[in-house]
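Values in this text are rule-based calculations from the coordinates and carry no lab data. Note that the coordinates shown come from a computational prediction; the quantities given were computed from them, not determined experimentally. Backbone-built Cβ (ideal geometry, glycine too); neighbour counts: all protein chains shown.
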Amino acid sequence: MRQIEKENPPVIRSQSAFAIHERDLAPEGIAYDPVERNFYVSSVTKSKIVRVGPDGKAQDFKAPGQDGLGLTLGIKVDAKRRFLWVVSIASHPEGGHSPSGVFQYDLKTGKLLFKHQLPPGSAGFLNDVALNSIGEGFATNTGTGEVFRMSSDHDGLESLLPPNSIPQANGITLSTDEKVLFVAGWIGIVRVDLTTKQFFLLSKPRNVSDAGLDGMYFYKGSLVGIQNPDLHPGRVMRYYLNPAMDTIIRAQVLEAYNPSFDIPTTGTLVGNSLYFMANTQIEKRDIKNTSPDFWQDIKVVKLNL
């Protein structure tokens with residue numbers, strides 16, 4: 001590890017955007033609403049959704065466990081239709097929460113509209129969600145390697161890719177023309193043709209690693225991903241694609257070895273910038289420590305692309 005660090009100096013380009021002072025929130029997902037200029041943040045420890053206003057003040061959009069919320073993960077805003085989609089998973093099989101699913105809320109009223117849930121007893125857990133321009137949602141099941149499609153006007157999950165298609169399926173995003181879905185798997189990024197449902201790993205040069213991505217976003221013919229494997233402090237990568245979008249032609253390290261990093265997970269595109277949580281501190285959630293300095297304020301940073 002010392003040799004790797006010597007050969008790969010820090011790359012720190014991000015700037016502080018705002019902080020969330022609820023230190024033990026352990027957020028996993030973040031989304032932006034360009035209409036009201038609010039950020040929405042999920043929580044692994046609190047089973048709730050937090051809204052951060054333009055003034056930087058945070059308040060609960062949904063209280064802990066409200067509407068059957070479990071641990072909340074991936075989250076997206078449909079600004080046009082005024083919907084908020086958030087992945088919720090039960091804290092444990094016997095818990096009082098609903099089965100793993102994507103909860104769909106009305107942003108204007110806060111009303112729960114639909115629950116797109118796995119059947120009770122299903123294997124795995126949903127993790128992240130992407131939305132297209134006609135209001136459909138797509139979600140990954142990390143435990144089973146499945147991908148699902150969802151409608152915005154009724155409950156339910158429709159299978160897009162069957163189990164064992166993409167090992168450890170996590171981050172998910174659509175190309176600008178919405179013909180291709182990209183899914184981050186444990187060993188690399190998978191390209192899914194939404195017309196034929198054919199899928200395969202992106203080709204790439206030998207010196208490019210696209211494994212272990214969490215949040216992933218399509219941006220101007222490239223993929224921007226947050227990479228947080230177990231032994232690495234985390235980094236933000238940009239993968240430039242060929243015109244056919246089936247090959248990574250080169251990769252760029254946008255951020256790495258930032259001393260603020262403590263399990264960065266996901267982000268959200270705002271114009272030409274990526275806002276992401278530098279220190280979710282998710283791995284601290286099961287550690288018993290009463291020191292006041294054990295948890296830190298959640299740092300949300302802005303990275304110009």
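Here the peptides 250-257, 185-192 are ranked by packing, the mean other Cβ count within 10 Å, and the order with the highest first is 185-192, 250-257. The C-alpha radius of gyration of region 96-246, expressed as a fraction of 2.2 N^0.38 Å, stands at 1.05.
Label positions at Tyr219 and Lys179, each projected 7 Å from the Cα along the C-beta direction, are separated by 2.5 nm. To the nearest µm²/s, what D does Stokes-Einstein give for region 171-305 at 37 °C and 0.692 mPa s, using the Kirkwood radius over alpha carbon pairs as Rh? Estimated diffusion coefficient is 209 µm²/s. Could you state, as a whole-number percent, how many of the C-alpha pairs of region 1-132 are farther apart than 24 Å? The calculated P(r) of region 1-132 puts 35 percent of pairs beyond 24 Å.
With viscosity set to 1.002 mPa s at 20 °C, what whole-number translational diffusion coefficient in µm²/s follows for region 162-223 from Stokes-Einstein and a Kirkwood radius over Cα pairs? Stokes-Einstein gives a translational diffusion coefficient of 181 µm²/s. Short to long, the 10 Å bins of the Cα pair-distance histogram for region 94-178 hold 18, 49, 29, 4, 0 percent of all pairs.
When the P(r) is computed for region 233-305, the part past 14 Å accounts for 67% of the Cα-Cα pairs.
Basic side chains Lys and Arg get +1 at the Cβ, acidic Asp and Glu get -1 at the Cβ, and with that the dipole of the chain about its Cα centre reaches some 580 debye.
Its Cα centre serving as origin, region 1-149 has a Cβ charge dipole (Lys and Arg +1, Asp and Glu -1) of approximately 340 debye.
Rank Pro120, Gln15, Ser175 by how far each Cα sits towards the positive end of the charge dipole of the chain (+1 on Lys, Arg Cβ; -1 on Asp, Glu Cβ) and give me just the farthest. So the residue we want is Gln15. Let a ≥ b ≥ c be the square roots of the eigenvalues of the Cα gyration tensor of region 20-87; is it rounded (a/c under 1.5), or, if not, prolate (a/b larger than b/c) or oblate? Oblate, because a/c is 1.5 or more while a/b does not exceed b/c.
Using r as the Cβ-Cβ distance of Thr196 and Lys288, and R0 as 41 Å, what FRET efficiency do you calculate, to the nearest 0.05? With a Förster radius of 41 Å, E is 0.20. Comparing Cα centroids, region 18-38 and region 55-76 end up 10 angstrom apart.
How much of the pair distance distribution for region 188-251 lies past 19 Å, counting alpha-carbon pairs only, in percent? Cα-Cα pairs in region 188-251 separated by more than 19 Å: 30 percent.
Over all orientations, the chain has a Cα convex hull whose mean projected area works out to 15.5 square nanometres.
Subtracting the Cα-Cα distance of Ala63 and Tyr257 from their residue separation scaled by 0.36 nm leaves 66.4 nm.
Computing FRET efficiency as 1/(1 + (r/R0)^6) for Met1 and Asp153, where r is the C-beta to C-beta distance and R0 is 51 Å, gives about 0.50. Protection proxy ranking for 22-30, 268-276, 46-54, 70-78, using the average of other Cβ atoms within 10 Å per residue and placing the highest first: 70-78, 22-30, 46-54, 268-276.
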